[in-house]
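The values are calculated or read from the model by the stated rules, or taken from the named source; none is laboratory data. Quantities reported herein were computed from a predicted structural model and do not represent experimental measurements. Cβ coordinates were reconstructed from backbone atoms using ideal geometry, including for glycine residues, and neighbour counts include every protein chain displayed.
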Amino acid sequence: MRFSTFAVLAGSLASATPFNPRPFDEVLRRRQASSNSSSLQVDLGYAVYEGFYNDTHNVNEWMGIRYAAPPIGSLRWQAPQAPLVNRSSVINASAIPNECPQSALNSGNQQAAITTINAPGGSEDCLYLSVYSPPNSQNLPVLVWIHGGGYGEGNGGQDLGPIIGTNNGSFVGVAIQYRLGAFGFLSSDEVFQMGVANAGIRDQTFALQWVQSYIHLFGGNASQVTISGESAGGGSVMLQTMAYGGTLGTSLFSNAIAASPYLPMQYNYNAWVPSQSYYAFAQAAGCLSGFAAGSPAVNTTIFQCLVGKDTAVLKNASAAISASGMYGTWGFLPVTDGVFIQQLPSQQLAKKQVNGLRMLAGNNALEGPLFVPQNVTTEIDLVTWIQETFPMFTTDDISKVLQYYPGSNATDSTNAVEYATLGYTGATANNESSISTGQQQRANNIYAETTFVCPSYWLAEAFANKGREAYKYQYSVPAALHGSDVSAYFGPGSVTQGPDFVKAFMTIWGNFITLNDPSISSSIAAGNSSNSSTTPNPITNWPAYTNANPYQINLNETGGTEFTTAGVDFEGTEVNVTEYMGPGLRNNFSLVNAWTWEGNRGIRCDFWRAMGGLVPE
């Protein structure tokens, strides 16, 4: 079966992407417009960097600080190493850093795959971070942002200036980059024996160690760090809380924000799937075909051959293998290596074996459609898709899935009306959404819950009680597709996100970073467009998530002008999505039971946890 990509072509859906929303050319324009000649030199010992002042958000910025040596040649697929000393001159930290080589997901569009493979840009010398600090900062809390992109795409170009400015310069921001695709997540017995698995995740940890060592030079407090991320960035946050079996405590961070935490199949480092990807990658790079005949050289391993290859060859091989996998997935992903990542997340989080003290975990109302082929019209199609998605499932396992995700005669018709569910009453996300109904929506919701939603539940549960705290939310502004929330907490808001909503979401993050509590004032919760600023709002006293009281805040809006976004291409069919834009948008925040939400979602997440060994995840 071959499927076309879920193409977002117009309207506010343009922000519904799991990748970094800010292109580098925007960074360059902003830098050129705002910089001045004031000297902002910081001596890191191994190098001296000079930043610049950005008057748009009143922050000093240092872009492209090297935190590790270039992982090139003999350092490929090795643990990150300290950067070499370079004190020959002051380094101008206003340059845009190299992004890491990119490897796209399989969208079913071969032309898109070819375009990705032949695209310029991306360098192995990409282990950089950028720092955003209010002027005259001293001992401020720190936010570290880990970008998303399926562990194959994205960069550290997210502008942290707006969220810092909205929160009155109350914290320092750091945006990091890490190795992607095969460069960061190649895995096999050989990689494990001669290098390290999960090199990209180890890069992140190395960057967090850099923060501990140097952030005080930028006015930050190393003992008050919050790590954050969305999609694969949120998944990375989850894995950092699990690092080394959860034995690191608060040595690297105390708080964590995981937005739509991405949890794909997590195999053992030497399992069949990552091993086959390793050999396919080696074949594409020209390091496999001659081994059966005793070449390319005596006593040369596949790994050694790969280490010696040109970057361009490896970039193309990584992109080609990643794009040839299963629809909606990337080819190289984190694995259970028994050292850094010791268990499946579903299992370790159940034991509450985590690093850090506090968790703010969230998911979007409609996480699935970007990753599911949109041609599931019958239950036979659904079963076929389940078999392809979960190849280890037996017939009995599939029957269980169908029982936990029952169909509805009222919505199985292709003529059913599409609309956003209320969550607590009426139709549920199992059968209805503003994108699809019936069998297609069953598939969308199965993928959403297994891959993004349930991991957010498991994280909240892992930090509940035992001296820790967890807070849970759902982002529900229609259409609430995967990735559409990012513009709300980093800005600029999309047309469906009113300025009051953006300010509230930014303040939620800011208060969690600085006060360890995401609650916001009633005036900010209500916003300027509301006449009910004195009305009590549950978000002003956001209750912690516990097993006994599994509450979450539902972040939504009311009002606005209805409009239809066209141009979402499912197999050549244009689909219309109803959304709402300002003026007239008003915040609508409510406290709901996350367990009973969307037809007992908590029970389904418990089911997926029990199935973790077969998913595996």
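Assorted remarks:
- Filtered by the rule that a residue be among the β-branched types (Val, Ile, Thr), within 29 Å of the chain's Cα centre (by Cα) and buried (at least 18 other Cβ atoms within 10 Å of the Cβ), the stretch 47-97 gives Val59, Ile65.
- From Ala504, Ala526, residue being aliphatic (A, V, I, L, M) and either touching a His at 6+ places or on another chain (Cβ under 9 Å) or at pLDDT below 95 (or both): Ala526
- The stretch 36-86, residues that are more than 28 Å from Ala199 (Cβ to Cβ) and either among the small types (Gly, Ala, Ser) or not in a strand (DSSP E or B) (or both): Asn36, Ser37, Ser38, Ser39, Leu40, Gly51, Asp55, Thr56, His57, Asn58
- Exactly one residue among Phe589, Phe563 is touching a Leu at 6+ places or on another chain (Cβ under 7 Å), of a type outside the set (Val, Ile, Thr), at pLDDT 90 or above and assigned to a strand (DSSP E or B), and that residue is Phe589.
- Of all residues in the stretch 369-405, those being within 26 Å of Glu461 (Cβ to Cβ) and either touching a Lys or Arg at 6+ places or on another chain (Cβ under 8 Å) or at pLDDT 95 or above (or both) number 8.
- Against the numbered list (1) modelled with pLDDT of 75 or more; (2) within 30 Å of Tyr267 (Cα to Cα), Val615 comes up short only at (1).
- Filter pass, Gly423 being on the phi > 0 side of the Ramachandran plot, among the small types (Gly, Ala, Ser) and in contact (Cβ under 8 Å) with a residue 60 or more places away in the chain: yes
- Residue in the stretch 359-381 that is assigned to a helix (DSSP H, G or I), within 23 Å of Ser346 (Cα to Cα), out of contact with any Pro (no Cβ under 9 Å at 6 or more places or on another chain) and without any contact (Cβ under 8 Å) to a residue 60 or more places away in the chain present: no
Quick grid of which residues meet (1) hydrophobic (A, V, I, L, M, F, W, C); (2) within 17 Å of Gln374 (Cβ to Cβ); (3) crowded, with 24+ Cβ neighbours inside 10 Å:
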| site | (1), (2), (3) |
| --- | --- |
| Lys400 | no, no, no |
| Tyr404 | no, no, no |
| Ala420 | yes, no, no |
| Ser436 | no, yes, yes |
| Tyr457 | no, no, yes |
| Phe463 | yes, no, yes |
| Leu481 | yes, yes, yes |
| Ser484 | no, no, yes |
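- Residue satisfying condition, being surrounded by fewer than 23 Cβ atoms within 10 Å (Cβ to Cβ), in the same structural domain as Thr311 (by TED's automatic domain parsing) and at positive phi, within set Asn198, Asn139, Asn167: Asn139
- Subset of the stretch 126-138 (residues that are in contact with a helix residue (DSSP H, G or I) (Cβ under 8 Å, 6 or more places away or on another chain) and not aliphatic (A, V, I, L, M)): Tyr132, Ser133, Pro134, Ser137
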